[in-house]
Amino acid sequence: MDKQVLVTQSSMPNFEKYCEKIKPLWESKWLTNAGIFHNELVEKLKSYMKADNVDLFVNGHLALVVALQALALSGEIITTPFTFVSTTTAIVSNGLTPVFCDIKEDFTIDESKIESLITDKTSAILAVHVYGNVCNIEKIDAIAKKHNLKVIYDAAHAFGECYNGKSIANYGDISMFSFHATKVFNTIEGGCLVFKDKSLTEKIKAIRNFGLVGEDVAFVGTNAKMNEFQAAMGICNLENIETEIEKRRLVSTEYDKNLCDIDGIKINVAQDKYNNYAYYPVCFDESVFGFNRDEVAIKLAEHNIFARKYFYPCTNEMSAYKGKFEGNTPIASKKAKDILCLPMYADLKLEDVARICNIIKKI
Ligand SMILES: *Cc1c(COP(=O)(O)O)cnc(C)c1O
């Protein structure tokens, strides 16, 4: 039986180091609600992301839900269906209407199609830096200014990236980062918001803690606090982040080398520009390659290699949302049928990458 390779594997700190880190918790017995590690991680992230306003969450999804609530949005939100369901659910669960915009070759929202979707009900654009590929920030910003809209980035895939020499965290009104176990940087589960307007600080903090402001409840809040074990994991993982990303880069380069000149296979060329190597997405053009994405996935699985159809289906084709919300998004639908994310994680062996590529070549 071939060695099993899963699509991802969590980055973890040295075991003794983590144990040493969490030891004080057995003294303090303070496990959540803005504990010492929570606050330490906030400061370390501010410095790493070069951002002034950072708040931590139990997961990325609730961070996004709270972001939309904190901005007091209403009506329609222009967004992409080529994303993890979290993006769309955050909109709908806030009582807002997602208006789906198609995507470009680099998988991000097609900014040239945004303006035609704006109505008098539109209040924001929620775009996604898909696979770490950065959206057309300047255009989106210009459209938002012209029409007085808020801009939220689902930056779940973009941790550690820079754009135009500036940390990616500093674009848009709010950016959400996910620290889920499968992401480039993890706190087991977790996430954060980075926001421009400092005056949102107390509101965001309150909403993620039941809406509490002192003894009063000022907002219909939720419970989305990050606990101390998560924060400690984050502090330990953050120390290794540069090495982790460098190891991912080597994996990515090995894939590129093996797959770049196979007809019918399209690799993610945008990745090298921004550098966090979060995923290794590949598009299979059946008419040229001879096999479709599903056939490739099955073939790999026969060799105990588990790639993932990420993102498939598009969120506007999922039963919960299909037919309920507008959207003419043929490119997103096509990409969702052709895309396969190959195994990608820092500790993936280069010989396993070569083996995966050989299986694909031999198909
Ligand atoms: C992972 C992810 C999320 C949600 O993050 P969690 O931390 O798992 O809640 C949201 N959007 C996208 C695009 C993601 O990949």
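Brief remarks follow.
- Of all residues in the range 161-188 being within 15 Å of the ligand (Cβ to nearest atom), more than 10 Å from the chain's Cα centre (by Cα) and of a type in the set (A, V, I, L, M), the one that is surrounded by the fewest Cβ atoms within 10 Å (Cβ to Cβ): 181
One line per residue, one yes/no per condition, for (1) within 15 Å of the ligand (Cβ to nearest atom); (2) surrounded by 23 or more Cβ atoms within 10 Å (Cβ to Cβ); (3) within 23 Å of residue 61 (Cβ to Cβ):
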position	(1), (2), (3)
190	yes, yes, yes
212	no, no, yes
257	no, no, no
269	no, no, no
284	no, yes, no
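- From 217, 194, residue being away from the ligand (no atom under 16 Å from the Cβ), within 17 Å of residue 70 (Cβ to Cβ) and not polar (S, T, N, Q): 217
- All of (1) closer than 21 Å to residue 197 by Cα; (2) polar (S, T, N, Q); (3) within 14 Å of the ligand (Cβ to nearest atom) hold for residue 74 with one exception: (3).
- When residue 60 is tested against the conditions (1) out of contact with any Cys (no Cβ under 9 Å at 6 or more places or on another chain); (2) within 12 Å of the ligand (Cβ to nearest atom), the lone failure is (1).
- Any pair with Cβ under 9 angstrom, 6 or more apart, that starts in the range 175-192 at a residue that is farther than 16 Å from residue 276 by Cα and of a type in the set (Asp, Glu) and ends at one that is assigned to a strand (DSSP E or B) and within 9 Å of the ligand (Cβ to nearest atom): 189/178
- Within the range 136-159, not a single residue is out of contact with any strand residue (DSSP E or B) (no Cβ under 8 Å at 6 or more places or on another chain) and within 10 Å of the ligand (Cβ to nearest atom).
FYI, it's all coordinate maths here, none of it is from the lab. What you are looking at is a predicted structure, and each value in this text was computed from that prediction instead of being measured. When we count neighbours, we look across all protein chains shown, and the Cβ atoms used for this are built from the backbone with ideal geometry, even at glycine.
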